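Here the structure is laid out as structure tokens; the discussion comes afterwards.
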Amino acid sequence: MRIDKYLWCIRLFKTRNMATEACKKGHVKINDSNVKPAKEIFGNEIINIRKNQMNYEIVVIDIPKSRVGAKLVDLYRKDVTPKEELERLDLLKFTKNHHRKKGTGRPTKRDRRDIDEYYESSEFSET
């Protein structure tokens with residue numbers, strides 16, 4: 001099976017086109033060498049994938065015939081990503097919320113109405 005189709009079948013990428021683009025950009029490696037999307041894969045190969053600022057490491061257990069359900073993915077691959085990478089993913093989640101908390105940007109419609117009401121009832125009123 002082609003590497004791009006395999007990555008799509010085990011649900012690492014949402015579309016096959018995304019898997020193909022990742023291969024073309026050099027984000028997918030087999031045994032530490034860049035691969036083209038048409039590269040055939042076999043069992044017991046180690047695949048390194050760079051996705052969302054993370055380096056995933058996967059061992060191919062078996063080749064699926066077609067795209068599999070999320071519960072069946074572990075029958076076809078074994079995730080051997082180092083714990084340091086998984087901890088780094090948690091840190092990335094925290095840093096995204098560090099700079100600005102969700103909902104603190106522009107005022108919501110309710111906030112805007114409260115502001116307008118405040119100005120109308122205060123000394124700032126032009127009437």
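The numbers here are math on the coordinates, done by the rules we state, and not lab data. Everything quoted here is computed from the prediction, not taken from an experiment. With ideal geometry, Cβ positions are generated from the backbone for all residues, glycine too; neighbour counts draw on all protein chains shown.
Anything in region 25-44 that is surrounded by fewer than 17 Cβ atoms within 10 Å (Cβ to Cβ) and either closer than 19 Å to A70 by Cβ or out of contact with any helix residue (DSSP H, G or I) (no Cβ under 9 Å at 6 or more places or on another chain) (or both)? List them, or say none.
Within region 25-44, K25, G26, N31, D32, S33, F42, G43, N44 meet the criteria.
If we keep just the residues of region 1-13 that are in a loop (DSSP other than H, G, I, E, B) and either among the β-branched types (V, I, T) or over 13 Å from the mean Cα position of the chain (by Cα) (or both), which is farthest from P37 (Cα to Cα)?
Our first condition is that a residue be in a loop (DSSP other than H, G, I, E, B); within region 1-13, this holds for 1, 10-13.
After this cut, where a residue has to be either among the β-branched types (V, I, T) or over 13 Å from the mean Cα position of the chain (by Cα) (or both) as well, the list is 1, 10.
Numbers: M1: 10, I10: 15 Å.
Within region 1-13, the match that is farthest from P37 (Cα to Cα) is I10.
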